[in-house]
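J.: Dropping a structure here in structure tokens format, bear with me for questions.
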């Protein structure tokens, strides 16, 4: 048995044909003639000493050997493509692609873009607002900002500010509901995006921290945190606002936190990037800018009493 690898061109032809299950479509993708593609696959079969495809009338299907080979070849070419894209990005110090959840993108990143552009006009910032797990190589991502209680294995992971939730509302609503007891009569908004947190950080837990036995369930529920915050901004009701998503509105007077008590979520946003890339010029500039922006509103956290769910406020 020959142990040396066959030519990459033959493997590429096989991979495309196995993926499309069509020699014609594979040839079109690779910009070669069907005859040339068929020749490459035939040479690969000769190298192996066994057929990889069953040639049927106007169709092909993989043999057992082909089914064994196909997944590894596809993964191998994907790994090569990821490595090449990653290496190319090392040469690029003028663009930065960041992925963050839709709520963080809308409420934290987007309102501050002007400041970053002013401070770093040489960097072209691109956003991918998504909650799905991203692959830095496959998806050409430089930085991810994710919320939760865990970091990322094999990644540079920088926890950002402590995350808390507290009732936030417009100044007008605050005048109508001046204390926590009166808040029991207020229109309450529910942000269901943090239902995964344990212990639970919800209205029942917040009222319990104030010594009030109240478990509200009636009111509008939102699956997206930014939509819940937008509803509060319009005066629809009071929401348990998450620190990162409300501090700018609080700092600029559109929302207030009148009761001075917040619940710790036990989770944080984290700044993630491939280990070793944290000091690339644009990644470092973005990281330092994020930390500077967080510090600008640190006084809001300092003015609150932050308690753990299940604990009582002093």
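Readers should treat all values here as calculations from the given coordinates under stated rules, not as data from a laboratory. Everything quoted here is computed from the prediction, not taken from an experiment. No Cβ is skipped: glycine too gets one built from the backbone with ideal geometry, and neighbour counts run over all protein chains shown.
J.: How many residues does segment 178-195 contain that are assigned to a loop (DSSP other than H, G, I, E, B) and surrounded by 12 or more Cβ atoms within 10 Å (Cβ to Cβ)?
T.: Residues that pass the stated criteria total 4.
J.: Determine, yes or no, whether residue 119 is surrounded by 12 or more Cβ atoms within 10 Å (Cβ to Cβ), more than 30 Å from residue 10 (Cα to Cα) and more than 24 Å from the chain's Cα centre (by Cα).
T.: Yes: the conditions hold for residue 119.
J.: Just checking: which of the helices (runs of 4 or more DSSP H) contained wholly in segment 236-314 hold 2 or more residues that are over 30 Å from residue 181 (Cα atoms)?
T.: 281-296
J.: Let me ask you something else. For the condition surrounded by fewer than 18 Cβ atoms within 10 Å (Cβ to Cβ) and touching a residue at least 40 places away in the same chain (Cβ under 8 Å), what is the one hit in 219, 266, 237, 241?
T.: Result: 266 is the single residue among 219, 266, 237, 241 that is surrounded by fewer than 18 Cβ atoms within 10 Å (Cβ to Cβ) and touching a residue at least 40 places away in the same chain (Cβ under 8 Å).
J.: Would you confirm whether any residue within segment 158-172 is within 17 Å of the chain's Cα centre (by Cα), touching a residue at least 24 places away in the same chain (Cβ under 8 Å), in a loop (DSSP other than H, G, I, E, B) and closer than 25 Å to residue 223 by Cβ?
T.: No; the residues of segment 158-172 include none that is within 17 Å of the chain's Cα centre (by Cα), touching a residue at least 24 places away in the same chain (Cβ under 8 Å), in a loop (DSSP other than H, G, I, E, B) and closer than 25 Å to residue 223 by Cβ.
J.: On to the next question. Of all residues in segment 142-154, count the ones that are surrounded by 17 or more Cβ atoms within 10 Å (Cβ to Cβ) and assigned to a strand (DSSP E or B).
T.: Total meeting the criteria: 5.
J.: Here are 7, 51: which of them is loosely packed, with under 14 Cβ neighbours inside 10 Å and over 36 Å from the mean Cα position of the chain (by Cα)?
T.: 7
J.: Restricting to segment 13-43, what's the tally of residues that are surrounded by fewer than 20 Cβ atoms within 10 Å (Cβ to Cβ) and touching a residue at least 24 places away in the same chain (Cβ under 8 Å)?
T.: Residues in segment 13-43 being surrounded by fewer than 20 Cβ atoms within 10 Å (Cβ to Cβ) and touching a residue at least 24 places away in the same chain (Cβ under 8 Å): 4 in total.
J.: How many of the residues in segment 196-216 are buried (at least 20 other Cβ atoms within 10 Å of the Cβ), within 29 Å of the chain's Cα centre (by Cα) and assigned to a helix (DSSP H, G or I)?
T.: 3
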